[in-house]
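The values are calculated or read from the model by the stated rules, or taken from the named source; none is laboratory data. Bear in mind that the values here come from a model prediction, so they are computed numbers and not experimental data. A quick note on method: Cβ atoms are made from the backbone with ideal geometry, for glycine too, and the neighbour counts reach across all protein chains shown. Side chains included, ligands, DNA and RNA excluded: accessible areas come from the protein's heavy atoms. Shrake-Rupley method; radii C 1.70, N 1.55, O 1.52, S 1.80 Å.
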Amino acid sequence: MCADDLASPDDLQHLLAAEAFTGVIDLWPVDAATADEMSIDDLKQTLFATTGSTLFLTQALARAAHPPQLWLVTRGAQAVVGRSEEAVPETDASQATVWGLSHVVAIEHPELKCRRVDIDPAADVSSQVANLFNEITRLKTAEDQIAYRDNLRHARRLVRMEHTDPEPVTFSPDGTYLITGGLSGLGLLVAHWMVERGARHLALMGRREPSSDTLDTLRDMEAMGAKVLVTRGDVSHYTDVTRVLAEIEADMPPLRGIIHSAGTIDDGVLLGQTWPRFETVLNAKVYGTWHLHTLTRHLPLECFVMFSTGASLLGSPGQSNHAAANAFMDALAYHRWAHGLPSVAVNWGAWASVGAAADRRLDETLDTFSPQAGLAALERALWQGIFVAERLPRAQVAVLPLDWEKFAVQFPALAAQPVLAEIIRGVGKVGSSTARTQSQESSHQQLLRHLEKALPNKRLALLREHVRSCTLKVLGLNASFNLNVQQPLQELGLDSLMAVELRNVLGSSVEQTLPSTVIFEYPTIDALTNYLATRIPLELMTKPQEDSFVQEAPPTKDALDDLLLEEIAALLARKLEMKDTGSNG
């Protein structure tokens, strides 16, 4: 089946229903190739063939009675940067959207055991096949995000940036800076900060008329000596972007920088997503970014800053489209640097009082940083990524307001992800590792230990109280709330995102992957308790804790049960060769 033939997840249902599969290897994304000369229509078609096909495939697999393991394969989608950072790697931004989506797949549907493999675009087909085949048959590995370069296997890691005191960043008074999404939120906040740092000519682009508060801020900036061009337009529309650039060229000093902060959110669990909902989010983050990139790449810009999100790095439940769209910008930052163009993508966490999280009142429950701290982080990101000429810049910087000690306690399963290994390894140096270990044990191992020690007639009550406690936390209710154990949880406000979180919390507490529909099939505390009781045999209660990272074993000939490995290798080779011959099968 060709990716271009897909219209919905239903296209894959008959194939998956025909027989049970041990695993599914998705090679559709490797056909994508993003070039600066690509039209917006070609880009849209490419994204549908890569990210759209992955969305539909994942939905179909998640609905399967016995979901197989999923391997998502890309070619050159990830920037593999060594610690010496001797060169900025080229990346394919269209394929990178699949990685952004995949992080949410891993969170919402752990039963798929999603593994991502990025093969080397510079290698010959035989090496690509060998590396991919090696990865697929490497069953005893904790690593789920791998890239091959020069026949070397690289595992993805989030690492701390070294602490440095940046010099104050200043902006040229003789140049113009375009800020998309500049008439509200983060864009307006950054605009005011840039005027404080020397900018005297700003073009603020937004889709709506300025509010009264925005007008007050504009007057304040003008009182500081800035000339501000206010222009309405949608950055995802080519004609709007060309018009705004023409206005700048006609009435303002030369364009010297772009801050792209515009964006739209349309959250929802992966099983409820559609391609039109994806495109709602792709509009500003992908198509708008593409317009800004292609229409200004001939200009001598000093900065090109893209406001991305932490969700494209680590995933976030309900934000598969948001994570995919922002991953495009992350990869484009490396692409621009590889071609000598300045760029930095900033993966923001949640700001307090301003931005999307504040607009949805999520800053009341999420870890956040103040606007002052966010601007200080932006200055550091600019200094690290753009304004330092004597060393290789950082094309991507994450600013995440996470207390990793607290994170490791509250989300032990997520904290055990290999991508966070280096971050979490340093947590013990910051706080009490003893307290952390005890708290982690209380979330899952102590449950099993308590059940094992309890009298048989008390175990169900203990398990019910555990389910009740987890449910109250997910619902945001006080521990003293009188929760009817036979009341459907949806009547208490449990939505689809909360259901994903509760399912993951309960699955972690019994050290199992629960079905994606478990909360809806067992909608009360009593029903969930009785179901979980069937998943906790006595031998599991006494099983010792296993390390999160398993010693890897070399591939074996019978690794994939009864499948013929030679046939799989031949299929992989045929598929990868199609890219080089121009075929699209």
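Which of the following residues is modelled with pLDDT of 85 or more, out of contact with any Leu (no Cβ under 7 Å at 6 or more places or on another chain) and more than 22 Å from ALA20 (Cβ to Cβ): ALA553, ALA499, ALA573?
From the options ALA553, ALA499, ALA573, the qualifying one is ALA499.
For VAL286, all conditions in the list (1) in a loop (DSSP other than H, G, I, E, B); (2) surrounded by 19 or more Cβ atoms within 10 Å (Cβ to Cβ); (3) under 16 Å from the mean Cα position of the chain (by Cα) hold save one; what is the number of the exception?
It is condition (1) that VAL286 fails.
Considering only segment 156-181, state which residues are over 25 Å from LEU313 (Cα atoms) and either polar (S, T, N, Q) or under 25 Å from the mean Cα position of the chain (by Cα) (or both).
THR170, SER172, THR176
So which residues in segment 267-283 are assigned to a helix (DSSP H, G or I) and not hydroxyl-bearing (Ser, Thr, Tyr)?
LEU270, LEU271, GLY272, TRP275, PRO276, ARG277, PHE278, GLU279, VAL281, LEU282, ASN283, listed by residue number.
Go through segment 272-283 and count every residue that is surrounded by fewer than 17 Cβ atoms within 10 Å (Cβ to Cβ) and touching a helix residue (DSSP H, G or I) at 6+ places or on another chain (Cβ under 7 Å).
Residues in segment 272-283 being surrounded by fewer than 17 Cβ atoms within 10 Å (Cβ to Cβ) and touching a helix residue (DSSP H, G or I) at 6+ places or on another chain (Cβ under 7 Å): 2 in total.
Quick grid of which residues meet (1) of a type in the set (Ser, Thr, Tyr); (2) under 29 Å from ARG503 (Cβ atoms); (3) surrounded by fewer than 24 Cβ atoms within 10 Å (Cβ to Cβ):
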position: SER102; (1), (2), (3): yes, yes, no
position: VAL105; (1), (2), (3): no, yes, no
position: ASP120; (1), (2), (3): no, no, yes
position: VAL125; (1), (2), (3): no, no, yes
position: ASN134; (1), (2), (3): no, no, yes
position: THR137; (1), (2), (3): yes, no, yes
position: ALA142; (1), (2), (3): no, yes, yes
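Suppose we filter segment 329-352 for residues that are open to solvent by 10 Å² or more (accessible area, probe 1.4 Å) and more than 19 Å from the chain's Cα centre (by Cα); how many remain?
Of the residues in that region, 7 qualify.
Could you tell me which numbered condition LEU538 fails, if it satisfies all but one of (1) at pLDDT below 70; (2) open to solvent by 80 Å² or more (accessible area, probe 1.4 Å); (3) under 25 Å from VAL24 (Cβ atoms)?
(3)
Residue check: is THR264 in a loop (DSSP other than H, G, I, E, B) and touching a Ser or Thr at 6+ places or on another chain (Cβ under 8 Å)?
For THR264, the condition - in a loop (DSSP other than H, G, I, E, B) and touching a Ser or Thr at 6+ places or on another chain (Cβ under 8 Å) - is met.
Which pairs turn up if I take residues in segment 480-491 that are closer than 17 Å to VAL518 by Cβ and look for partners that are open to solvent by less than 100 Å² (accessible area, probe 1.4 Å) and hydroxyl-bearing (Ser, Thr, Tyr) with beta carbon separation below 9 Å, at least 6 apart in sequence or on another chain?
Here the result reads VAL485/THR524; VAL485/THR529; PRO488/THR524; LEU489/THR471; LEU489/THR524, each pair linking segment 480-491 to a residue that is open to solvent by less than 100 Å² (accessible area, probe 1.4 Å) and hydroxyl-bearing (Ser, Thr, Tyr).
Which is touching an Asp or Glu at 6+ places or on another chain (Cβ under 8 Å) and either open to solvent by less than 50 Å² (accessible area, probe 1.4 Å) or over 28 Å from ALA60 (Cα atoms) (or both), of VAL500, VAL510?
Selected residue: VAL500, the only one of VAL500, VAL510 that is touching an Asp or Glu at 6+ places or on another chain (Cβ under 8 Å) and either open to solvent by less than 50 Å² (accessible area, probe 1.4 Å) or over 28 Å from ALA60 (Cα atoms) (or both).
Within segment 331-356, track down each residue that is part of a helix (DSSP H, G or I) and over 18 Å from VAL235 (Cβ atoms).
Listed by number, the residues that qualify are ALA331, TYR334, HIS335, TRP337, ALA338.
Tally time: how many residues in segment 367-413 are surrounded by fewer than 19 Cβ atoms within 10 Å (Cβ to Cβ), assigned to a helix (DSSP H, G or I) and at pLDDT below 75?
Qualifying residue count for the region: 2.
Which of the numbered conditions does ALA262 fail, given that it passes all the others? Conditions: (1) at pLDDT 95 or above; (2) surrounded by fewer than 20 Cβ atoms within 10 Å (Cβ to Cβ).
Condition (2) is where ALA262 drops out.
What number of residues within segment 219-233 satisfy the criterion of being open to solvent by less than 30 Å² (accessible area, probe 1.4 Å) and within 34 Å of the chain's Cα centre (by Cα)?
Matching residues across segment 219-233 total 2.
Scan segment 9-46 for residues that are of a type outside the set (A, V, I, L, M, F, W, C), surrounded by 13 or more Cβ atoms within 10 Å (Cβ to Cβ) and modelled with pLDDT under 80 and jot them down.
Within segment 9-46, PRO9, ASP11, GLN13 meet the criteria.
In segment 292-311, what count of residues is obtained for those that are modelled with pLDDT under 95 and of a type in the set (Gly, Ala, Ser)?
2
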